[in-house]
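What follows is one structure encoded as structure tokens, with my remarks underneath.
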Amino acid sequence: MTYLTPAESEYLASQRLGRIATVGTAGDPHVVPVTFEVNEAEGTVDVVGHNLTSSKKWKDLVHNDAVSIVVDDVLPPWQPRGIELRGRAELDPTAPVIRIRPTRVIAWGIDTDAYTPVARTVTGESA
């Protein structure tokens, strides 16, 4: 995906578990672990799983498509690394899948050994 560095793409491809954050109809945040897949063809990160269309996250996204997903881990002895993708969700009930189109990328510990987060706005075809 053009909005990720090669190291960020490789990192996401090596991971399978993330945490998705949505906003409920009352404005309350909701965060849960999810499985995901990188969708190179669409330029998205796709959240998949069992009973997805009846989940709270799906219902939240029907009312408010703002979404964030964090994928992270820690290498020994203490080297945190991860990516947060903020953006908009597209719901495909036929698959079913939650397709996240990032508008902002925040990464730490991936392109450098430093924990300092690096943020950038996504522009162009993937936005």
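Points worth noting:
- Matching residues, segment 68-104, being among the β-branched types (Val, Ile, Thr) and farther than 15 Å from residue 21 by Cβ: 74, 94, 97
- Leading residue by the ranking (farthest from residue 100 (Cα to Cα)) among those in segment 45-55 that are part of a helix (DSSP H, G or I) and over 17 Å from the mean Cα position of the chain (by Cα): 54
- Those residues of segment 1-31 which are among the hydrophobic types (A, V, I, L, M, F, W, C), surrounded by 17 or more Cβ atoms within 10 Å (Cβ to Cβ) and over 11 Å from residue 60 (Cα atoms), in sequence order: 1, 4, 12, 20
- Residue in segment 1-15 that is of a type in the set (A, V, I, L, M), under 30 Å from residue 111 (Cβ atoms), part of a strand (DSSP E or B) and touching an Asp or Glu at 6+ places or on another chain (Cβ under 9 Å) present: no
- Checked across segment 57-69, the condition of being touching an Asp or Glu at 6+ places or on another chain (Cβ under 8 Å) and either buried (at least 21 other Cβ atoms within 10 Å of the Cβ) or of a type in the set (S, T, N, Q) (or both) holds for at least one residue.
- Cross-chain or 6+ apart pairs with Cβ under 7 Å, segment 26-38 first and among the polar types (S, T, N, Q), then in a loop (DSSP other than H, G, I, E, B): 35/16; 35/49
- Qualifying residue in segment 114-125 (condition: of a type in the set (Ser, Thr, Tyr) and at pLDDT 95 or above): yes
- Scan of segment 77-124 for residues that are surrounded by fewer than 18 Cβ atoms within 10 Å (Cβ to Cβ) and of a type in the set (Lys, Arg), ordered by number: 88, 104, 120
- Only one of 67, 71 that is in contact (Cβ under 8 Å) with a residue 60 or more places away in the chain, part of a strand (DSSP E or B), touching a Gly at 6+ places or on another chain (Cβ under 7 Å) and closer than 18 Å to residue 99 by Cβ: 71
The values are calculated or read from the model by the stated rules, or taken from the named source; none is laboratory data. Being a predicted model, the structure only gives us computed values, none of them experimental. Every residue, glycine among them, receives a Cβ derived from its backbone with ideal geometry; neighbour counts consider all protein chains shown.
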